[in-house]
1. Under a plain spin-label model, where a point goes 7 Å from the Cα along Cα-to-Cβ, how far apart in nm are residue 195 and residue 287?
2. In the stretch 143-227, which GluC sites (Glu not before Pro) are in a loop and have at most 16 other Cβ atoms within 10 Å, using DSSP for the loop call?
3. Using modelled backbone amide H atoms (1.01 Å from N, in-plane), which distant-in-sequence or interchain residues come within less than 5 Å of residue 218's amide H?
4. Two decimals is fine: what's Rg over Rh for the stretch 170-295, C-alpha atoms, Kirkwood radius as Rh?
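Each reported figure results from applying straightforward, stated rules to the coordinates on display, with no laboratory input. These numbers come from a predicted model, not from an experiment. Note that we place each Cβ from the backbone using ideal geometry, even for glycine, and neighbour counts take in every protein chain shown.
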Amino acid sequence: MFRLPLLLPPLLLLFSACKTPPPAEPPQPVPPPQEKTPVAALEFDRVEAERPDHLTLYYHLKAENPRSGLLDLEIRGWKLSLNGEEMPAALTVDGAAISGARFSAGSLAGIDKTLILEMDLQAPVKEAVPTDDGFLANLSIDLAYRYGEASPLSGAVSAEAAFPRIREPEFTITSIAIMQAELINTRFRVSLRIDNPNLFPLSLSSFDYELYGEGRFWANGKKRDMLQIPAQGFAETNLFLVMNFIDMKRHLLDEIIAMRMVRYRFTGEAEVDTGVSWLPQFHMGFDHSGSSVVLK
């Protein structure tokens, strides 16, 4: 059976050809580029010291300004801990206390400041656990970055510094021997033990001393021979002293000769060599009291 093709009405074809496309979506606004945040770092430089219980640590505080405006950097606070325990210290920059200090950096410029930390280790050294052979200092600083009148940005930097603990050697008299008793002078040999509590050897380049017995001054002297003391070991040496009785009562000699034990006090000053780079040598005073046998 023959069928004619289906023909659309002319008016419907006209409407189909003239159909309007949907309107295009409006372009989305492009967000402004985000401003870069300033970058800061704290770097430990070195440690210096003149004695074991007072150290000076040097740091570098660095900051980079990634923007075209002027950067104002403020120190809002800081904290120091030693072996995990917070401790007081003095932190300075440009000769003044660091808290509240402010620095500026121009467009795409940087800041580099030297910080000086003074640490008094006298109390921590005495209170630290005897097996502790070193210190770990952690310095943290709170910062604020400001550009003009904009709200400040907060930041923080920190740095660790590790250094060995240095202890002073310990002096003990083990015996006092009367070598020769005369009417005017009495000669003694003092046996001295020096203990080194450190994990590295020490050397005594010299020391001056005074010896007291039963509360009276007996004699003094100087020793200039280099004395090596091994790590966590001890060394022994003999000191030869002369007691002069010209200005003393004669019965004092008789008392000394009759002594079997004597309560002594041994005081003086010593130069100690450590071999540690930041404290190769230091001057120390000693004052030790105890009891010793008197040998004839």
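1. Rounded to a tenth, the inter-label distance reads 2.1 nm.
2. Qualifying residues, ordered by number: 149, 182, 214.
3. The answer is 211, 212, 213.
4. On the Cα set of the stretch 170-295, Rg over Rh gives 1.03.
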